Amino acid sequence: MKTICESKSLVFREFLDFDAFEVFQMNSDKDIAKAVNEKPYLSEDEALYFIERMIEHYHEFGFGLWAAFEKKSGRFVGWAGMRQTKYGPVVNVRLKKKFWNKGYGKEALNAVVNYGINELRLDKIAGKAHPSQPATVRLLEQSVLKNSEENPLLFKYQ
């Protein structure tokens with residue numbers, strides 16, 4: 001099990017196949033699906049497929065989305081990390097609903113950006129939000145990323 005980084009309250013590691021149940025629970029939640037403009041997962045197989053694609057992403061780019069756990073309880077809280085896009089790495093944080101409004105989103109996002117800058121030596125990292133995602137916009141506004149002058153829904157490091 002490869003630990004990627006830690007923050008004050010969270011630890012991040014690469015996904016493993018046995019995380020599929022937790023990912024399914026999170027991504028089958030209709031409120032979460034609505035918040036991220038996606039369809040809810042209908043089976044644990046969908047979660048396993050996501051994990052398998054993410055493991056490929058780790059191998060191809062050296063980073064990806066990582067499972068996030070509370071340090072004190074060991075409970076799965078969600079994921080945080082970066083996905084490679086044609087524009088470069090883009091941060092992504094998703095938390096189980098019971099962990100919303102605890103400061104974990106900001107903590108996870110900043111930990112990922114700091115890891116990308118200091119450990120991976122990335123020269124740019126972006127965060128983006130859809131207009132229908134006000135919570136994501138607020139999270140990005142509170143992060144170490146800075147709002148882009150050309151697009152109010154795009155946030156950048158560098």
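Quick one: count up the residues across region 115-135 that are out of contact with any helix residue (DSSP H, G or I) (no Cβ under 6 Å at 6 or more places or on another chain), free of Cβ contacts under 8 Å to residues at least 60 places away in the same chain and of a type outside the set (A, V, I, L, M, F, W, C).
8
Across region 86-108, which residue is least open to solvent (accessible area, probe 1.4 Å) among those that are aromatic (Phe, Trp, Tyr) and either in contact with a Lys or Arg (Cβ under 9 Å, 6 or more places away or on another chain) or at pLDDT below 95 (or both)?
Here the answer is PHE99.
Could you look through region 30-44, keep only residues that are part of a loop (DSSP other than H, G, I, E, B) and open to solvent by 80 Å² or more (accessible area, probe 1.4 Å), and pick out the one that is farthest from MET82 (Cα to Cα)?
Ranking the candidates gives LEU42 first.
Run PHE24 past the list (1) touching a helix residue (DSSP H, G or I) at 6+ places or on another chain (Cβ under 6 Å); (2) not in a helix (DSSP H, G or I) and report the number of the one that doesn't hold.
(2)
Could you tell me whether ASN27 is surrounded by fewer than 18 Cβ atoms within 10 Å (Cβ to Cβ) and within 22 Å of GLY127 (Cα to Cα)? Working first, answer last.
Details: surrounded by fewer than 18 Cβ atoms within 10 Å (Cβ to Cβ): no; within 22 Å of GLY127 (Cα to Cα): yes.
So ASN27 does not fit the description; no.
So, in region 12-21, how many residues would count as being in a loop (DSSP other than H, G, I, E, B) and in contact (Cβ under 8 Å) with a residue 60 or more places away in the chain?
Going through region 12-21 one residue at a time, the tally reaches 1.
Here's the yes/no breakdown for (1) touching an Asp or Glu at 6+ places or on another chain (Cβ under 9 Å); (2) closer than 15 Å to LEU145 by Cβ; (3) basic (Lys, Arg):
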| site | (1), (2), (3) |
| --- | --- |
| SER73 | no, no, no |
| PHE76 | yes, no, no |
| GLN84 | yes, no, no |
| LYS98 | no, no, yes |
| ASN101 | no, no, no |
| LYS106 | no, yes, yes |
| ASN110 | no, yes, no |
| VAL113 | no, yes, no |
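Would you check which residues across region 3-22 are under 24 Å from TYR41 (Cβ atoms), of a type outside the set (Phe, Trp, Tyr) and open to solvent by 60 Å² or more (accessible area, probe 1.4 Å) and list them?
Passing the criteria: only ASP17.
The values are calculated or read from the model by the stated rules, or taken from the named source; none is laboratory data. Note that the structure is a prediction, hence the values are computed from the model and not measured. Note that each Cβ is placed from the backbone with ideal geometry, even for glycine, and that neighbours are counted across all protein chains shown. Ligands, DNA and RNA are stripped out before the accessible areas are found, and what is left, the full protein with its side chains, is counted by its heavy atoms. Shrake-Rupley method; radii C 1.70, N 1.55, O 1.52, S 1.80 Å.
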